[in-house]
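Comments concern the structure below.
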Amino acid sequence: MSENTHLAAEVRSSFGKGAARKIRATNKIPAVIYGHGTEPRHVTLPGHETALLLRKKNVVLTLDIEGDEQLALVKDVQKDPVRQLIEHIDLIVVRKGEKVVVDVPVHLEGESFAGTIAMLEHTTLSVEAEATHIPESFVVSIEGLEEGTQILAGQVELPKGTTLITDPEALVVVVSTPQLDTTSDADGTTEAEGAEGEAAEGAEGAEGETAEGESTEAAE
C-alpha cells in the first residue's frame, strides 16, 4: 500500500449538523468508521489531504487514530450538491489479506475502426479483491475494432487475485457505425424535403383559391 494513504485522525465526541459545520469550518471532515463487529468510531480527518486521496476510487486509508493504526476502506462520500465539498465520509474497517467486493471503473483505450464509435455499456465492474490491492481501474483496448465487435465482462483482463462478480455475459463495450437519417422516396427526395414541398404546394394552393375568390367577387 502506498505510504501517501496515511492520515492522522482525531476522535470526536460532538455530533449533529451544528457540530459537523464547526468541524468543516476548520477545514476538517467528519467521518465514521465501522465494521467487523466493532463499535462505530467517530473521527475527523484533515480536509485537504483527504480530498486529494479521494480523487481515486476505492481508497484504503491507513488511519492513525491517536496512536492506534487502522485500515479503512472508503465506503461512501457525501458532498454538498452545489459546492461539491465533502461533508461526511463513511469508512469500513478492513484487515490485511481480507477480500472485499468493490466496483472498479472501466476505461477505454485507443480508437475503433474509422467511421465507428465504441459505446461503454458498463462503466464499472464488480469484483472481489484484496483490500490492500484493489485495482484502480480496468483498461479495455478498442484499437482498430470493427463494427459489430462486442466485449463482455468475462473478456476483460483482471489482475491476479481479482475475481469477477459481475455477470461474465454482461455487455461492456459495443462497436457500431452511427446511422444517418437519409430516408428518401423513390425519386430521391428525403422525407424532410417532401414535407417542405407539400407545405409549399399547400400555401400556393391557398393563395390561388383566395385570388380566384376575390376575382369572382369583383365580377359579381
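The values are calculated or read from the model by the stated rules, or taken from the named source; none is laboratory data. It should be emphasised that the depicted structure is a prediction, and the values quoted were computed from it without experimental measurement. Cβ coordinates were reconstructed from backbone atoms using ideal geometry, including for glycine residues, and neighbour counts include every protein chain displayed. SASA here: full protein model, heavy atoms, side chains in, ligands and nucleic acids out. Shrake-Rupley method; radii C 1.70, N 1.55, O 1.52, S 1.80 Å.
Restricting attention to region 10-63, which residues are over 19 Å from Val100 (Cβ atoms) and aliphatic (A, V, I, L, M)? Hits for region 10-63 are Val11, Ala19, Ala20, Ile23, Ala25, Ile29, Val43, Leu45, Ala51, Leu52. For region 83-104, the count of residues that are closer than 30 Å to Gly148 by Cα and touching a strand residue (DSSP E or B) at 6+ places or on another chain (Cβ under 6 Å) is at least one. The residue of region 10-39 that is farthest from Asp80 (Cα to Cα), among those that are assigned to a strand (DSSP E or B) and over 29 Å from the mean Cα position of the chain (by Cα), is Thr38.
Conditions (1) modelled with pLDDT under 90; (2) closer than 27 Å to Val127 by Cα; (3) of a type in the set (Lys, Arg), marked per residue:
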position	(1), (2), (3)
Arg21	yes, no, yes
Thr26	no, no, no
Ile29	no, no, no
Thr44	no, no, no
Leu52	no, yes, no
Val60	no, yes, no
Ala72	no, yes, no
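Here is the figure for region 63-91: residues that are polar (S, T, N, Q), part of a strand (DSSP E or B) and open to solvent by 90 Å² or more (accessible area, probe 1.4 Å) total 0. Looking only at residues in region 40-50 that are over 14 Å from Leu91 (Cα atoms) and not in a strand (DSSP E or B), the one that is most open to solvent (accessible area, probe 1.4 Å) is His48.
What number of residues in region 127-171 are closer than 17 Å to Lys56 by Cβ and over 19 Å from the mean Cα position of the chain (by Cα)?
Initial filter on region 127-171 (closer than 17 Å to Lys56 by Cβ): 127, 129-139, 159, 162.
Adding the requirement that they be over 19 Å from the mean Cα position of the chain (by Cα) leaves 129-133, 159, 162.
Counting residues in region 127-171 that are closer than 17 Å to Lys56 by Cβ and over 19 Å from the mean Cα position of the chain (by Cα) gives 7.
Among the residues of region 109-151, which ones are of a type in the set (S, T, N, Q) and under 30 Å from Arg95 (Cβ atoms)? Residues satisfying the conditions are Thr123, Thr124, Ser126, Thr132, Ser137.
In region 21-39 there is at least one residue matching the filter, namely being open to solvent by 90 Å² or more (accessible area, probe 1.4 Å), of a type in the set (S, T, N, Q) and farther than 16 Å from Ile92 by Cβ.
Quick check: is even one residue across region 147-159 free of Cβ contacts under 8 Å to residues at least 40 places away in the same chain, in contact with a Ser or Thr (Cβ under 8 Å, 6 or more places away or on another chain) and exposed (fewer than 12 other Cβ atoms within 10 Å of the Cβ)? Yes: region 147-159 contains one or more residues that are free of Cβ contacts under 8 Å to residues at least 40 places away in the same chain, in contact with a Ser or Thr (Cβ under 8 Å, 6 or more places away or on another chain) and exposed (fewer than 12 other Cβ atoms within 10 Å of the Cβ).
Taken together, the residues in region 142-198 that are modelled with pLDDT under 95 and at positive phi amount to 2.
Considering each residue of region 114-121 in turn, at least one proves to be surrounded by fewer than 16 Cβ atoms within 10 Å (Cβ to Cβ) and free of Cβ contacts under 8 Å to residues at least 24 places away in the same chain.
Here His6 meets each of (1) under 13 Å from Ile65 (Cβ atoms); (2) open to solvent by 80 Å² or more (accessible area, probe 1.4 Å); (3) in contact with a Pro (Cβ under 9 Å, 6 or more places away or on another chain); (4) not hydrophobic (A, V, I, L, M, F, W, C) with one exception, condition (3).
Tell me, please, whether a residue that is open to solvent by 40 Å² or more (accessible area, probe 1.4 Å) and over 30 Å from Thr62 (Cβ atoms) can be found in region 92-109. Yes, because at least one residue in region 92-109 is open to solvent by 40 Å² or more (accessible area, probe 1.4 Å) and over 30 Å from Thr62 (Cβ atoms).
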